[in-house]
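The values are calculated or read from the model by the stated rules, or taken from the named source; none is laboratory data. All values reported here derive from a predicted model rather than from experimental measurement. Cβ placement follows ideal geometry from the backbone for every residue including glycine, while neighbour counts extend to all protein chains displayed.
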Amino acid sequence: MKGLSLVRPIAASVAVLVLAILAAPQLVYPFGHDQGIYSACGNVIRQGGVPIRDCFESKGPGVMVLYAVALSIHHSTVAVHAFTLIWQALTAVLVGVTARVIFNDGRAAFPAGAFYWLIYAGINYWSMNQAETFSNVFITGSLLLGWLAAQRRSPGLAFGAGAVAGILLWFKYTFGLQLAAVGLGLIVQAALARQALRGVIRLGAAFALGAVALNAVVLGYFAVVGGLLALVEQFNVFRELFPLGPPRTFPEIVQYLWRFTDNGADLTGDYKPTVVQWTFFGGGFPLLFALALVGALRFAQPLNGEGSARYVYLLGLFLAGLVVVAIQAKYVQYHFTILHPPLALMAGAGVAAALGWLDRERAALVRAFGGLVLLGSAAAFVLLGLRMIPWVADTYSNVIVQRKTLREMHLESRVAPQLYIADYIVQHTTPEDMISLFADAPWVYMLTERRNATRFPFADVWAPAHGSFTNENFARQFFEGVQRNRPKYFILTEDNYPWLGVRHIDNYKRLTFLYDYVEANYRYEVNIGPFIVFRRKDG
């Protein structure tokens, strides 16, 4: 017995160490497009600016604020990645706690948390540090509070669940569907527990009041700092331009959503063409869905109120996530991240069920089935972990063996052109100088630590929207910022950078007032890769 008491903590420590090593390569990843935007806006917030008002982004301010926190700790990509991994570790722990509580089985806790961590460890560099990434802790927290509120018939916990779910709206407004899913789950759970109608209404009202109160506080902040007009502008972008992806037929939507069952919608890593992808049997994702079905066999219990209620929450959140992905219409990997918590929770329940069926008192056939499921669970862990082995090996070789700097590793990646243009800007400006990029390379603002002459860190979304009010309004604001602040450098990008179909030279020339001003006050200086650099004539 004494030996067993030592084995368990040692085994747990080894497991945590392995999980940490598998995610470690994320620390050296560069920034992609969205991370560049958030870093630019995070810097503006650190300097006293107001999100969206002083640094525009079509998503909510929550992720920008968290970037500001991370960059305040240390101004580097590693700081943001480390902050995110710590956030994900806390989310994984919360997923485990939630699994223990809602399934009333401690055996579901570690598998659920570990599955969540492993799913996240294998996503692309441009899928890290996103709104979905940070939102999962609030999705899981509101689910846990909602479950406890209905169980304990506590309006206070219901209010807390609503407030936590209300935070989701300030990461992405479409996450209101997750808020609705948790609220509906709470009401259904209370009703299935045969609570009096008055009690069900009281809990539902407390949940709604919590969500309204939280959002009233945030709106009050924006009113005080003069940011409400920026929120109206942001809403108008959604009204005019959303969704950003092309329209899809129903079969296409199903096909795109089905990709989640194969390695979470995209291959692992993919910022370096030199690293081989290791993905076998969908990266383990088909086994996660199989485990989720097994867990439902054990824990759904349709004739039992509590059993039905837990799957109202979990399936509700999963389906809400699918709808959010479909609404956005782009189907990139990080959009699927909000599916991770409910999937990990349901897969963890499958492992718990298998461990329960291995009881010696069970029938031999039941124990055999439990053993088979447990083998499938182990295979899921291994397959999810294997995705990261080439990236762990690459990071070890670069950092430990070759002792490369972070810059050297980033120069081997697809975003190397942004480092080269940043070098040029730093060499030819002072920290007091401003710059302006009519482009989609927002990471340059963080790399150079030079202030943006406008409130727009990127041109995607609004610049190609010819003929729209958003295009006219934002183009005028962009021009006024350039005219007022007179940046030392005005920078364009050639066609098809950073992705195919970008035509910012044409977008720029269509804005004749901006084009004429730059032609009169700037001169062409140099091309740095895809970047076309213009310098102020009197600079």
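Observations
- If you filter region 277-309 down to residues that are assigned to a loop (DSSP other than H, G, I, E, B) and under 17 Å from GLY350 (Cα atoms), you find that the one that is nearest to the chain's Cα centre (by Cα) is ALA300.
- Residue list for region 245-276, filter: touching a Ser or Thr at 6+ places or on another chain (Cβ under 8 Å) and either aliphatic (A, V, I, L, M) or farther than 23 Å from ALA347 by Cβ (or both): LEU267, TYR271, LYS272
- Matching residues in region 24-40 - criterion: being under 16 Å from the mean Cα position of the chain (by Cα) and either of a type in the set (Phe, Trp, Tyr) or over 30 Å from SER397 (Cβ atoms) (or both): TYR29, PHE31, ILE37, TYR38
- Some residue of region 513-523 being over 20 Å from LEU231 (Cβ atoms), at pLDDT 95 or above, under 33 Å from the mean Cα position of the chain (by Cα) and not assigned by TED's automatic domain parsing to the domain that holds GLN234: no
Residues checked against (1) among the hydroxyl-bearing types (Ser, Thr, Tyr); (2) under 33 Å from the mean Cα position of the chain (by Cα); (3) more than 15 Å from SER436 (Cα to Cα):
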position	(1), (2), (3)
ARG455	no, yes, no
ARG476	no, yes, no
ARG486	no, no, no
PRO498	no, yes, yes
ARG535	no, no, no
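- None of GLY113, GLY156, GLY146, GLY141 is closer than 25 Å to PRO51 by Cβ and out of contact with any strand residue (DSSP E or B) (no Cβ under 6 Å at 6 or more places or on another chain) except GLY141.
- Taking first residues from region 63-77 that are assigned by TED's automatic domain parsing to the domain that holds PHE31 and partners that are of a type in the set (Asp, Glu), the Cβ contacts under 8 Å between residues at least 6 apart in sequence or on separate chains come to MET64/GLU57; HIS75/GLU449.
- Residues considered: LEU372, LEU315, LEU365, LEU288. Of these, the only one that is closer than 20 Å to ALA109 by Cβ and not aromatic (Phe, Trp, Tyr) is LEU288.
- Residue in region 266-278 that is modelled with pLDDT of 90 or more and surrounded by fewer than 17 Cβ atoms within 10 Å (Cβ to Cβ) present: no
- Residues within region 128-159 that are assigned to a helix (DSSP H, G or I) and either closer than 18 Å to LEU317 by Cα or hydroxyl-bearing (Ser, Thr, Tyr) (or both), tallied: 21
- Test: ARG248 is assigned to a helix (DSSP H, G or I) and not acidic (Asp, Glu): no
- Meeting the requirement of 1 or more residues that are within 25 Å of ASP54 (Cβ to Cβ), without any contact (Cβ under 8 Å) to a residue 40 or more places away in the chain and not basic (Lys, Arg), the helices (runs of 4 or more DSSP H) wholly within region 469-525 are 469-485, 512-521.
- Any hit, region 416-433, residues being within 30 Å of ALA292 (Cα to Cα), touching a residue at least 24 places away in the same chain (Cβ under 8 Å) and in a helix (DSSP H, G or I): no
- Filter result for LEU203 (modelled with pLDDT of 95 or more, in contact with a Lys or Arg (Cβ under 8 Å, 6 or more places away or on another chain) and more than 30 Å from CYS55 (Cα to Cα)): yes
- The residues listed here are VAL200, VAL212, VAL218; of these, the one that is loosely packed, with under 15 Cβ neighbours inside 10 Å, assigned by TED's automatic domain parsing to the domain that holds THR98 and assigned to a helix (DSSP H, G or I) is VAL212.
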